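The values are calculated or read from the model by the stated rules, or taken from the named source; none is laboratory data. Quick caveat: nothing in here was measured; it's all calculated off a predicted structure. Cβ coordinates were reconstructed from backbone atoms using ideal geometry, including for glycine residues, and neighbour counts include every protein chain displayed.
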Amino acid sequence: MRKPPGKIVLVVKVFPMISETFIVRKFRGLCESGLNVHLLCERSDAASWSKFSDLRNNEDLRSRIHLAWPHQPRLLAVLLLPFAFFRSLLVRPRTTVKYLTRGYKKFGLDVFRRFYLDSGLILLAPDVIHFEFGAIAAERMYLGELLDCKLAVSFRGYDLNFVALEQQDFYRDVWEKADILHLLGEDLWGSAKRRGCPDYKPRVLIPPAVDTEFFQCEREIVERVGTTERPFRILSVGRLEWKKGYEYGLQAVNALAEKGVECEYRIVGQGEYLEALTFARHQLGLEGRVDFTGACSQGEIRNEMIWADVLLHSAISEGFCNAVLEAQSMGLPVVCSDAGGLPENIVHGSTGFVVPRRSAAKLADQLERLCNDPDLRSRMSKAGRERATSRFKAEEQIAQFTAMYKRLLRAEESFSGEVLATGRTT
Amino acid sequence: MARTVSDNQLMTGTNSERLRIVFAGISWPPETFIQRLIKGLIEAGVEITVACEQKPEPKWLSHSQFQWLYAPTWRGSLVARLLETARMRVKSPGRGSSDISLFKTHARRIKNWRERIPIWHQLLPFAGLRWDIVYFPWNSAAISYLPLFELGSPVVVSCRGTQVSIAPLNPERSDLVDALQKTFQKAAAVHCVTEAILSDAAKYGLDPQKARVIRPAVDPKFFSPRVNDVAGGDTFHITTTGALIWRKGYEYALQSIRSLLDQGIKVKFNILGAGPERSRVLYTIRDLNLEDVVQLHGPKRPEEVRELLQRSDVFLLSSLSEGISNALLEAMACGVPVVTTDCGGMREAVTDGVEGFVVPTRNAAAITEALITLSNDPELGKRMGKAGRRRIEESFSLSRQIDQFLSLCKQTAQASR
């Protein structure tokens, strides 16, 4: 048996989560490709596990998923601290002593609080820690030094575009100490630079992947749509929150209807913005045209994508957007805004149309164009499928991550300013 | 806990000539306009009880016509709440056993005991007490106090906007429609802040006979135009005040500021207020490159609001839905011309082209156009500002509002005797 390769620990807050299926897929993919991968989360609930039955039934994978000890309520955490301490000392005496001596120099007595929070990682003695979201990495960058390991940090949108916008130095530690950054695309790299990341920071740009096996269908292009017999079917998929800009989507549908195009609009997803959106639907007089379906499983989303003629994504802020990837994989033309990574996600004019964000009128124009041109819909459908299978395949993504980890493990010192690998999308 | 409700509040032995009103379902300190209403009513000789958890400040409690009824909320540790409920239950039999049995019938309808105890907890402070009027400043609160409608004191409810214009549309709150209908049915009188709200409420069974429109008021003595005309320079100062929530439509206002800049107009936009969508406003400011011209001030004291209004060239209200905006009325009182979207009762306060401009909702271009007209014509702005001030003095003065509210309460109390 060959010596197990370096140990990689992925760190997330909650696992598994239906809205973060990409983490589950990445974890599985990496394990299956033979890397020594573990996953550490703070919380995990039974209801979500029931939605990932194949993960639940896989003994090997389950043994690689670790739950950190609770840090709320605080009293419980204080009571558990001695147990955490002795356990670490027994299982990883050297790492524990190293952590505490180095940590004491750095933090003084506060090292005990941190020790408790980090004890899950100490027990795993990782060679690489990968924080899957920037926000959870910001205050834990000292771990590289204390545990003698490499640090990778992913930025997926929210962490750069919203978290602690008013704190200038929030990510300074990450820019200084992370060995490598992972971003979904050029747009997020731009956001990172705007938040103070130096130009020379080593990074990989790896876009999300889509399950092109699952998300595929024989698409039938209906010649004549937009009539009372066969209304133009518009679909949106995503959490109901203001960032997704559904209000502009609703206004676009309203404008389309005013142009005399018969259309139906379904919005799949749930969230706190439902009240604002039902009010907008009422105010725009769209009660008969617009349907909020609530949350849907992957299978139901697939069915909705078979139903639809076009996917509308009118986001104001976006990381990369999995729903748009899935739509392309399903051969569904996309009309979207230019928020975040969307212009890298689709090819304007080929797999869909990109228009400036917050512009209902321009969304409506492109929707109308698609509605009136069955040949265009058919071309975009083929191009979308082609793009998804050639650029966003899961295997490709796993290979890129594997390459990233291997280089991290090999590298004796930190990298200088090269872009290690890039899933260039255009 | 010292009870500040005096003995004559008990069912027996009420012989005071004064009108007695309890403000229920509020937290202390309440919004400024409720404080002003309480103050105005006290000055008009009414005895006020406020039922809330927090103890009002001594400046209120020292007033002989002001009383506080400790009405705790179901928050904090479960054990403490359970003990509190038990304590209130033990104290209650001495007064109002009929009330207790009424609460009992109500509580019995709820199957789950975990949900039943908070209801006892909420109602017990009111057992055995009577007022001439039980007043709910928010009908959202009235909904959770339904048994109080049965106690025999007439209930007055205020209808202020979102509760009838937005929330019932939400499919996740379909139970609300039923509760709204019940409060409208059981209330002795319903106060609507605008005609628009009255017509919305009528859809949920409000009998217009019961309803009375009393528009909000501002204090024109406090909110007054600036004394000497300060030369504002060549920058056009735009101001808005309001909670940072989706209803206020700030995204449209900010888009409009962007296009003013693109057209070479020097502007400064002040946003006063706090709220859950602060990050959205911040994001939009950054996304539209408006960091240099938009200032997000956070919540401000009325003195500071007044000062900023007095230095503004125009007040902008970009809301998607409103009852009637107090902030806009305050701006008008300060002699500032206004640009407002056409929603809720805004047309009841502003006539397009007189005190300012009324533009369609969700339309940044229309806001831009109105702002440009005002920035090109400072004289027009001044005329509109003066007209706004006049309108406030004539139709939105504090004394008028208090008189109307008092007469509503008196009539309601008399009718139920």
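Does any residue in region A:95-123 that is touching a residue at least 12 places away in the same chain (Cβ under 8 Å) come within less than 7 Å, Cβ to Cβ, of a residue that is assigned to a helix (DSSP H, G or I) and polar (S, T, N, Q) six or more places away or on a different chain, and which pairs are these?
Taking only residues 6 or more apart or on different chains, the pairs are A:96/A:88; A:119/A:88; A:122/A:88; A:122/A:95; A:122/A:96; A:123/A:88.
Residue under question is residue B:322, and the condition is that it be surrounded by 21 or more Cβ atoms within 10 Å (Cβ to Cβ) and within 14 Å of chain A (Cβ to nearest Cβ); does it hold? It would help to see each step written out before you state the result.
Values: surrounded by 21 or more Cβ atoms within 10 Å (Cβ to Cβ): yes; within 14 Å of chain A (Cβ to nearest Cβ): yes.
Taking the combined requirement at face value, the residue satisfies it.
State whether the residues of region A:161-174 include one that is at pLDDT 90 or above and farther than 24 Å from residue A:189 by Cβ.
no
Could you check residue A:379 against (1) over 30 Å from residue A:132 (Cα atoms); (2) in contact with a strand residue (DSSP E or B) (Cβ under 9 Å, 6 or more places away or on another chain); (3) assigned to a helix (DSSP H, G or I) and say which number it fails?
Residue A:379 satisfies every listed condition except (2).
Being under 23 Å from the mean Cα position of the chain (by Cα) and either buried (at least 19 other Cβ atoms within 10 Å of the Cβ) or in a loop (DSSP other than H, G, I, E, B) (or both) narrows it down to one residue among A:229, A:139; which is it?
Numbers: A:229 fails: under 23 Å from the mean Cα position of the chain (by Cα).
From the options A:229, A:139, the qualifying one is A:139.
Quick one: in region A:148-200, which of the residues that are touching a residue at least 60 places away in the same chain (Cβ under 8 Å), assigned to a helix (DSSP H, G or I) and away from every other protein chain (no Cβ under 13 Å) is farthest from residue A:339 (Cα to Cα)?
Within region A:148-200, the match that is farthest from residue A:339 (Cα to Cα) is A:186.
Return the residues of region A:209-268 that are among the small types (Gly, Ala, Ser) and closer than 25 Å to residue A:297 by Cβ; say none if nothing qualifies.
So in region A:209-268, the residues among the small types (Gly, Ala, Ser) come out as A:209, A:226, A:236, A:238, A:245, A:249, A:252, A:255, A:257, A:260.
Result: A:209, A:236, A:238, A:245, A:249.
Within region A:307-319, which residues are over 19 Å from residue B:286 (Cα atoms) and either basic (Lys, Arg) or in a loop (DSSP other than H, G, I, E, B) (or both)? Working first, answer last.
Of the residues in region A:307-319, the ones over 19 Å from residue B:286 (Cα atoms) are A:307-313.
Those that are over 19 Å from residue B:286 (Cα atoms) and either basic (Lys, Arg) or in a loop (DSSP other than H, G, I, E, B) (or both): A:308, A:309.
Considering only region B:144-174, how many residues are within 14 Å of chain A (Cβ to nearest Cβ) and of a type in the set (D, E, K, R)?
Here is the first cut: in region B:144-174, the residues within 14 Å of chain A (Cβ to nearest Cβ) are B:161-174.
Checking the rest, the ones that are also of a type in the set (D, E, K, R) come to B:172-173.
Matching residues across region B:144-174 total 2.
For region B:202-304, list the strands (runs of 3 or more DSSP E) that sit wholly inside it and hold at least 2 residues that are more than 13 Å from every other protein chain (Cβ to nearest Cβ) and over 17 Å from residue B:340 (Cα atoms); which are they? Steps first, answer last, please.
On the way: elements: B:211-213, B:236-241, B:267-272, B:294-298.
So the answer is B:211-213, B:267-272, B:294-298.
Which one of these does residue A:337 not meet: (1) within 14 Å of chain B (Cβ to nearest Cβ); (2) free of Cβ contacts under 8 Å to residues at least 40 places away in the same chain?
Here residue A:337 clears every test but (2).
Can you list the strands (runs of 3 or more DSSP E) lying wholly within region A:1-76 that have 2 or more residues being of a type in the set (Val, Ile, Thr), touching a Leu at 6+ places or on another chain (Cβ under 8 Å) and buried (at least 18 other Cβ atoms within 10 Å of the Cβ)?
Values: elements: A:7-14, A:36-43, A:65-67.
Because the criterion is at least 2 residues that are of a type in the set (Val, Ile, Thr), touching a Leu at 6+ places or on another chain (Cβ under 8 Å) and buried (at least 18 other Cβ atoms within 10 Å of the Cβ), the strands (runs of 3 or more DSSP E) in region A:1-76 that meet it are A:7-14.
Would you point out the residue of region A:253-272, among those that are closer than 25 Å to residue B:245 by Cβ and within 12 Å of chain B (Cβ to nearest Cβ), that is surrounded by the fewest Cβ atoms within 10 Å (Cβ to Cβ)?
That would be A:272.
For residue B:176, all conditions in the list (1) crowded, with 19+ Cβ neighbours inside 10 Å; (2) in contact with a helix residue (DSSP H, G or I) (Cβ under 6 Å, 6 or more places away or on another chain) hold save one; what is the number of the exception?
(1)
Can you tell me how many residues within region B:239-265 are closer than 18 Å to residue B:308 by Cβ and basic (Lys, Arg)?
1
Limited to region B:30-44, what total is found for residues that are more than 13 Å from the chain's Cα centre (by Cα) and not β-branched (Val, Ile, Thr)?
Looking only at that region, the number is 5.
Could you list, in sequence order, the residues of region B:52-87 that are over 30 Å from residue B:39 (Cβ atoms) and either in contact with a helix residue (DSSP H, G or I) (Cβ under 6 Å, 6 or more places away or on another chain) or crowded, with 17+ Cβ neighbours inside 10 Å (or both)? Quick ask: steps written out before the conclusion?
So the first thing to find is which residues in region B:52-87 are over 30 Å from residue B:39 (Cβ atoms), and the list is B:76-87.
If the condition is that a residue be over 30 Å from residue B:39 (Cβ atoms) and either in contact with a helix residue (DSSP H, G or I) (Cβ under 6 Å, 6 or more places away or on another chain) or crowded, with 17+ Cβ neighbours inside 10 Å (or both), then B:81, B:84, B:85 are the ones that fit.
When the residues of region A:273-302 are narrowed to those that are surrounded by fewer than 21 Cβ atoms within 10 Å (Cβ to Cβ) and part of a strand (DSSP E or B), which ends up nearest to the other protein chains (Cβ to nearest Cβ)?
Ranking the qualifying residues of region A:273-302, first place goes to A:292.
Results for (1) touching a His at 6+ places or on another chain (Cβ under 9 Å); (2) touching a residue at least 12 places away in the same chain (Cβ under 8 Å); (3) buried (at least 22 other Cβ atoms within 10 Å of the Cβ), shown as yes or no for each residue.
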residue	(1), (2), (3)
B:149	no, yes, no
B:183	no, yes, yes
B:197	no, yes, yes
B:214	yes, yes, no
B:218	no, yes, yes
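Restricted to region B:326-364, and to residues that are part of a strand (DSSP E or B), without any contact (Cβ under 8 Å) to a residue 40 or more places away in the chain and aliphatic (A, V, I, L, M), which residue is surrounded by the most Cβ atoms within 10 Å (Cβ to Cβ)? Write out each step before concluding.
Filtering region B:326-364 for residues part of a strand (DSSP E or B) gives B:338-341, B:352, B:356-359.
Next cut, without any contact (Cβ under 8 Å) to a residue 40 or more places away in the chain only: B:339-340, B:352, B:357-359.
Next, from what is left, pick out any that are aliphatic (A, V, I, L, M): B:339, B:358-359.
On the way: B:339: 28, B:358: 22, B:359: 24.
Across region B:326-364, the extreme among qualifying residues is B:339.
Run down A:295, A:255, A:276, A:308 and say which single residue is touching a residue at least 24 places away in the same chain (Cβ under 8 Å) and more than 27 Å from the chain's Cα centre (by Cα).
On the way: A:295 fails: more than 27 Å from the chain's Cα centre (by Cα); A:276 fails: more than 27 Å from the chain's Cα centre (by Cα); A:308 fails: more than 27 Å from the chain's Cα centre (by Cα).
Among A:295, A:255, A:276, A:308, only A:255 is touching a residue at least 24 places away in the same chain (Cβ under 8 Å) and more than 27 Å from the chain's Cα centre (by Cα).
Could you check residue A:305 against (1) within 14 Å of chain B (Cβ to nearest Cβ); (2) aliphatic (A, V, I, L, M); (3) under 20 Å from residue A:253 (Cα atoms) and say which number it fails?
Single failed check for residue A:305: (1).
I'd like the full set of residues that are in contact with a helix residue (DSSP H, G or I) (Cβ under 7 Å, 6 or more places away or on another chain) and crowded, with 19+ Cβ neighbours inside 10 Å, limited to region A:360-393.
A:360, A:363, A:364, A:367, A:368, A:370, A:377, A:384, A:385, A:387, A:388, A:392
Does residue A:237 satisfy the condition of being at pLDDT 95 or above and within 25 Å of residue A:402 (Cα to Cα)? Working first, answer last.
Numbers: at pLDDT 95 or above: yes; within 25 Å of residue A:402 (Cα to Cα): no.
Taking the combined requirement at face value, the residue does not satisfy it.
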